[in-house]
Amino acid sequence: MSPTERAYDLAESLLSEPLPRRWSHSLGVAERARSLEPILGRDAAVMEAAAVLHDIGYSPRIATTGFHPLDGARFLRDQEGVDDRVVRLVAHHSCALLEAEERGLRRDLETEFELERPELVDAMLFCDMTTTPDGGRTSSEARVSEILGRYGPDTIVGRFIQRAAPEIHAAVRRVEERLDANREVSQPM
């Protein structure tokens with residue numbers, strides 16, 4: 001079984017029964033990751049594995065701190081021995097450092113998990129923040145608005161998403177620009 005196949009099996013086992021909507025979202029995020037293969041090249045499999053695993057920290061079986069990026073990354077590192085790059089992408093997905101700060105966990109996240117390369121951090125953010133809770137495609141603006149509406153502006157997640165919104169939108173634009181540039185290069189004149 002390939003690491004990516006293993007990632008799908010693991011994510012399904014942790015999310016599909018207790019959190020079916022979260023599982024649908026994770027499948028949609030993985031689909032977005034596959035669409036980035038033209039710009040990710042050899043990193044595409046790492047991105048797809050991280051994409052399908054990014055929300056496993058919500059699983060009641062492994063949630064301990066209540067901060068899903070940290071819980072998921074710790075589980076992948078300590079219990080599953082998953083590739084370090086996948087673990088780092090899960091740990092830091094979608095501006096997790098800002099939410100960790102809101103939760104008083106920034107130091108834990110920073111010291112335990114290094115950031116992955118910026119273009120991969122952007123790609124992971126793009127995949128997550130352009131996918132609806134049900135796994136469909138959306139814009140980052142609509143996704144941020146949906147998250148804010150679901151959690152409320154004065155909650156930990158609400159405060160975090162408002163602080164993170166400029167970077168979320170900028171990262172999505174950077175990935176879209178890379179995709180556009182790749183399409184221009186690959187189209188014959």
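The values are calculated or read from the model by the stated rules, or taken from the named source; none is laboratory data. Treat the numbers as computed from the prediction; the structure is a model and nothing was measured. Here the Cβ positions follow ideal geometry from the backbone for every residue, glycine too, while neighbour counts run over all protein chains shown. Keep in mind that these areas ignore ligands, DNA and RNA; they rest on the heavy atoms of the full protein, side chains included. Shrake-Rupley method; radii C 1.70, N 1.55, O 1.52, S 1.80 Å.
Within the stretch 131-189, being closer than 24 Å to P38 by Cβ and part of a loop (DSSP other than H, G, I, E, B) holds for T132, G135, G136, T138, S139, Q187, P188, M189.
Scanning the stretch 42-75 for residues that are under 30 Å from R183 (Cβ atoms) and either charged (D, E, K, R) or modelled with pLDDT under 95 (or both) gives R42, D43, E48, D55. For the stretch 75-99, filtering for residues that are surrounded by 22 or more Cβ atoms within 10 Å (Cβ to Cβ) and over 21 Å from A44 (Cβ atoms) leaves 4.
When residues in the stretch 106-129 are screened for being among the acidic types (D, E), surrounded by 19 or more Cβ atoms within 10 Å (Cβ to Cβ) and outside any helix (DSSP H, G or I), 1 of them pass. Between R103, R159, the distinction of being at pLDDT 95 or above, in contact with a Gly (Cβ under 9 Å, 6 or more places away or on another chain) and open to solvent by 50 Å² or more (accessible area, probe 1.4 Å) belongs to R103 only. In the stretch 130-149, the count of residues that are open to solvent by 60 Å² or more (accessible area, probe 1.4 Å), farther than 20 Å from E31 by Cβ, in contact (Cβ under 8 Å) with a residue 40 or more places away in the chain and more than 15 Å from the chain's Cα centre (by Cα) is zero. Just to be sure before I move on: is D134 in contact with a helix residue (DSSP H, G or I) (Cβ under 7 Å, 6 or more places away or on another chain) and acidic (D, E) in the structure I sent? Against the criterion (in contact with a helix residue (DSSP H, G or I) (Cβ under 7 Å, 6 or more places away or on another chain) and acidic (D, E)), D134 qualifies. Looking across the stretch 14-37, the residues that are assigned to a helix (DSSP H, G or I), farther than 15 Å from D122 by Cα and open to solvent by 20 Å² or more (accessible area, probe 1.4 Å) come down to P20, R21, R22, W23, S24, L27, E31.
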